[in-house]
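Heads up: the structure comes next, in structure tokens.
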Amino acid sequence: MIARSLIAGCGASLPPRVVTNDDLAKTVETNDEWITRRTGIRQRHIADEGMLTSHLATEAAQAALKDAAERSGVAPEDIGFVIVATTTPDNIFPATAVRVQAALGVGGFAFDVQAVCSGFVYALSIADNFIKNGQAKAGLVIGADTLSRIVDWQDRGTCVLFADGAGAVVLSATDKDNPRGILSTHLYSDGSFYDLLYVDGGPSSTESSGKIRMNGREVYRHAVQRMSEVTQEALEKNGMTPAELDWLVPHQANLRIMEACAERLSFPIEKVATAVTHHANTSAATIPLALAEMASDGRLKEGDMVIAPALGGGLTWGAAAFRW
Ligand code: UT7
């Protein structure tokens, strides 16, 4: 068994169109002051008609492949799988991942993972196990969503929160003595909380694909509690204290949730990724988008210790601990 999978490269893709809080205030009863104060969100990217989840996923994957080739010497021929975490696939089937695989021209196998906002952490965990078991020597893990397609644009409680984007990482097998790479993953779900955050449609229940429905206050409460708990669990599993952590890169849903998690962990907010301010909540894409941004602006450095917790519909939650 190979001991570890290394994050060999990363990349991101955002639709060009930026929608500000003031833009939203023209179509729904809200205002910049409320959105900024309650969520930290100032703007979001929204895909124009015709721009699909697979387009964003492919662009992010291409950037990740380029980065992996330059930084780690991983070639597209090495890719053994493509996993796309998404709640907004191009079609009900086939998987968005197979469209991405074809667009990239890579081999191996491809499939989607559905764990809503925890999707990237779930996909990373699955990919890590494929690599550890020697089933592939490298692969792509992509978080991609066009949440704008399933938002109820009349519901001010949700439409100001969600947005579109994609982030991707290339994982590759590394020597067990390498201190860098994925150290542990921790996954949970509890379906009894199904109705706190769900889409009121789908092929087996209704004729339409439905819209997002959320009990914001309850999801908020669970997000703070469970993301803090699972981060603590990841720290303990790796014999670390919060002081040994360089970055907390939580799922980006609400700045206040992240501040509350940091406070519970006695962790400085300056070391918490806060891409939510300009990306909003892109579901499965938030963590890899934040990682790609922090890597490209130099904040995230080789060898940095990172924990990435997430919580989403299901409820699903989890965390990944890795050395960049
Ligand atoms: O990806 C994981 C899933 N999502 C999350 O993690 C989100 C979790 N929840 C949250 O982030 C927060 O609960 C929200 C941002 C959704 C809401 O913030 P809140 O501080 O919990 O507000 P609230 O729902 O308690 O609403 C407070 C007031 C209400 O008015 P009344 O009833 O007090 O008169 C709402 O109607 O704010 C009102 N409100 C708004 N006002 C202006 C709700 N949305 C808006 C809005 N603009 N967009």
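The values are calculated or read from the model by the stated rules, or taken from the named source; none is laboratory data. Computed from a predicted model, the values in this text were never measured in an experiment. Reconstructed Cβ throughout: ideal geometry from the backbone, glycine too, with neighbour counts over all protein chains shown.
Overview of values
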| read-out | value |
| --- | --- |
| Tally, over region 1-41, of residues that are more than 25 Å from the chain's Cα centre (by Cα) and either assigned by TED's automatic domain parsing to the domain that holds GLY303 or away from the ligand (no atom under 16 Å from the Cβ) (or both) | 2 |
| Restricting region 270-280 to residues that are more than 19 Å from ALA320 (Cα to Cα), not β-branched (Val, Ile, Thr) and not in a loop (DSSP other than H, G, I, E, B), the residue that is nearest to the ligand (Cβ to nearest atom) | HIS279 |
| Residue match in region 52-65 (condition: of a type in the set (Asp, Glu) and either in contact (Cβ under 8 Å) with a residue 12 or more places away in the chain or closer than 30 Å to LEU171 by Cβ (or both)) | yes |
| Spans of strands (runs of 3 or more DSSP E) in region 180-269 with at least 2 residues away from the ligand (no atom under 12 Å from the Cβ), closer than 23 Å to GLY119 by Cβ and at pLDDT 95 or above | 181-189 |
| Which numbered condition MET294 misses (of (1) outside any loop (DSSP other than H, G, I, E, B); (2) surrounded by fewer than 22 Cβ atoms within 10 Å (Cβ to Cβ); (3) within 16 Å of the ligand (Cβ to nearest atom)) | (3) |
| Candidates ALA95, ALA127, ALA102, filtered to the one that is farther than 15 Å from PRO288 by Cβ, touching a strand residue (DSSP E or B) at 6+ places or on another chain (Cβ under 7 Å), assigned by TED's automatic domain parsing to the domain that holds GLY73 and away from the ligand (no atom under 16 Å from the Cβ) | ALA95 |
| ARG38 vs. criteria buried (at least 17 other Cβ atoms within 10 Å of the Cβ) and charged (D, E, K, R) | no |
| Residue within region 208-217 that is buried (at least 19 other Cβ atoms within 10 Å of the Cβ), outside the structural domain of THR53 (by TED's automatic domain parsing), under 19 Å from the mean Cα position of the chain (by Cα) and in contact (Cβ under 8 Å) with a residue 60 or more places away in the chain present | yes |
